[in-house]
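Here the structure comes first, spelled out in structure tokens, and everything after it is commentary.
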Amino acid sequence: MKTIGNYRWRILSLLFFATTINYIDRQIIGILKPFISDDLAWTEADYGYIVTTFQIAYAIGLLTTGRLIDRFGTRIGYVWSIVVWSVAGIAHAAARGVMSFAAARFLLGFGESGNFPAAIKATAEWFPVRERAFASGLFNSGSTIGAIIAPVIVSGITLAIGWQWAFIITGALGFIWIFFWLAMYRLPQQHPKVKQAELQYITQDTEDNLPQKKTGWTELLRHRETWAICSTRLISDWVWWFFLFWIPDFLNKTHGIDIKQVVMPLILIYAVSSIGGIGGGWLSSKFIAMGKSVDFARKTSVLLCALIILPVMLVSQVHNLWTAVALIALAAAGHQGWASNIFTIVSDIYPKNAVGSMSGLAGFAGAVGGACSASVVGLMLESTGSYFLIFLTASSVYVINWLIIKIFIKRIKPISI
């Protein structure tokens, strides 16, 4: 695989940092859940409803942000998204009850819904097909780096000056990112710092030379590939949300670790998941470099990621803390490798003018699944106090995903829209 060009690397780094900030802002509540629950007397069901509010807003946002990004462009669309979620993150500091937290989470979810449609579209704009899975894995690793950094930052700030300041300080990071984004981002065809040789490499795929037209949801929904991708997101995205929002609480309740002690387990979990995200994208790109088809590369990578997630079904039965952490870390890595390939499959199949809309539609399906599952998880824990069925379900859905892709997407290739 060719080395990523210098300016493309800079653009990719911006996507990485935006995704990192995105996950710092969204993960704070999971880290502080045991702490804030004691302070504000939340029940498990209350917390489940707060998480559900975020997911509902995220779903609503994905129905609109993807299309707005396609319409107004990646540069402006990304700025709008990060302004909204940064303001919302800071607003958590003023929340005092379930309703006010739910309102702040709703605004956060709506703003954060623009991150992945914008990042996936930017990747399609700046990378040829052969490099997109690897590039997607790299920017998506920002989600796990954010999850690694968040426990350190959040616990430190909380213990020093209070949980409210954790929301204020992390929420302000997005405004710093905007300065660099506006200074650096243009389409490669319009960018003065992109040399002709690199531009030709970026636009080598035939799609770049085809006329572009507007694409609506009705047109997207006519294709079975759309239904297959949305189905996989519906039944699997909730697993990652579960890791983000409940794992600190799971470790607290089952292994008795507090906000200080949870930092190292979370760092390990998300460090391994970052390797999985990059590795899943690298493996797919490596298959293509070996002469395998895009179809073989993506589907095989998805299957391998699904298989390494299966052992997490045992985690609630494990009594050793670090064994439990290792099983969760392996599953998180499998999810991120799966995500890198699912994101890339969208850009493999759909023309660039439809990538934002399709990413938003698929993300909407994932957010709907996440919204439903958040309340269900909260109510299950409230009534049974057991994580067994939750982890059992989480372990199996990725194999089902592979079957859906295998059966309903006969061949991963560009479609005409």
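Evaluation of GLY291 against the conditions (1) assigned to a loop (DSSP other than H, G, I, E, B); (2) at negative phi shows that the sole unmet condition is (2). The residue that is nearest to the chain's Cα centre (by Cα), among those in the stretch 349-364 that are open to solvent by 10 Å² or more (accessible area, probe 1.4 Å) and modelled with pLDDT of 80 or more, is PHE364. Here the stretch 18-42 is the region considered, the condition is being on the phi < 0 side of the Ramachandran plot and free of Cβ contacts under 8 Å to residues at least 12 places away in the same chain, and the residue that is surrounded by the fewest Cβ atoms within 10 Å (Cβ to Cβ) is ASP38. Are any residues in the stretch 186-234 assigned to a helix (DSSP H, G or I), at pLDDT below 70 and open to solvent by 30 Å² or more (accessible area, probe 1.4 Å), and if so, which ones? THR206, GLU207, ASP208, ASN209, listed by residue number.
Residue count for the stretch 88-129, restricted to those that are in contact with a helix residue (DSSP H, G or I) (Cβ under 6 Å, 6 or more places away or on another chain), open to solvent by 50 Å² or more (accessible area, probe 1.4 Å) and either among the basic types (Lys, Arg) or farther than 14 Å from GLY77 by Cα (or both): 3. Checked against the criterion of being over 30 Å from SER285 (Cβ atoms), modelled with pLDDT of 80 or more and not aliphatic (A, V, I, L, M), the candidates THR52, THR43 yield just one match: THR52. Among all residue pairs at least 6 apart or on different chains, which show Cβ distances below 6 Å where the first residue, located in the stretch 270-291, is farther than 26 Å from ALA147 by Cβ and the second is at pLDDT below 90 and in a helix (DSSP H, G or I)? These pairs meet every condition: ILE288/ARG130. Hey, among ILE415, ILE390, which residue is of a type outside the set (D, E, K, R) and assigned to a helix (DSSP H, G or I)? Being of a type outside the set (D, E, K, R) and assigned to a helix (DSSP H, G or I) holds for just one of ILE415, ILE390, which is ILE390. Considering only residues in the stretch 298-330 that are assigned to a helix (DSSP H, G or I) and of a type in the set (S, T, N, Q), the one that is nearest to the chain's Cα centre (by Cα) turns out to be SER301. Would you confirm, using the coordinates I've provided, whether LEU15 is open to solvent by less than 10 Å² (accessible area, probe 1.4 Å) and modelled with pLDDT under 85? It is false that LEU15 is open to solvent by less than 10 Å² (accessible area, probe 1.4 Å) and modelled with pLDDT under 85. Within the stretch 93-118, take every residue that is in a helix (DSSP H, G or I) and over 19 Å from TRP241 (Cα atoms) and give me the one that is modelled with the lowest pLDDT. For the stretch 93-118, the residue satisfying everything is VAL98. With respect to the conditions (1) closer than 24 Å to ILE269 by Cα; (2) surrounded by fewer than 24 Cβ atoms within 10 Å (Cβ to Cβ); (3) under 22 Å from the mean Cα position of the chain (by Cα); (4) not acidic (Asp, Glu), ALA333 falls short on a single one, namely (2).
The values are calculated or read from the model by the stated rules, or taken from the named source; none is laboratory data. What you see is a predicted model; the values in this text were computed from it and never measured. All Cβ positions, even for glycine, are placed from backbone atoms using ideal geometry, and neighbour counts span all protein chains on display. Note: accessible area is taken over every heavy atom of the protein model, side chains too, but ligands, DNA and RNA are not part of it. Shrake-Rupley method; radii C 1.70, N 1.55, O 1.52, S 1.80 Å.
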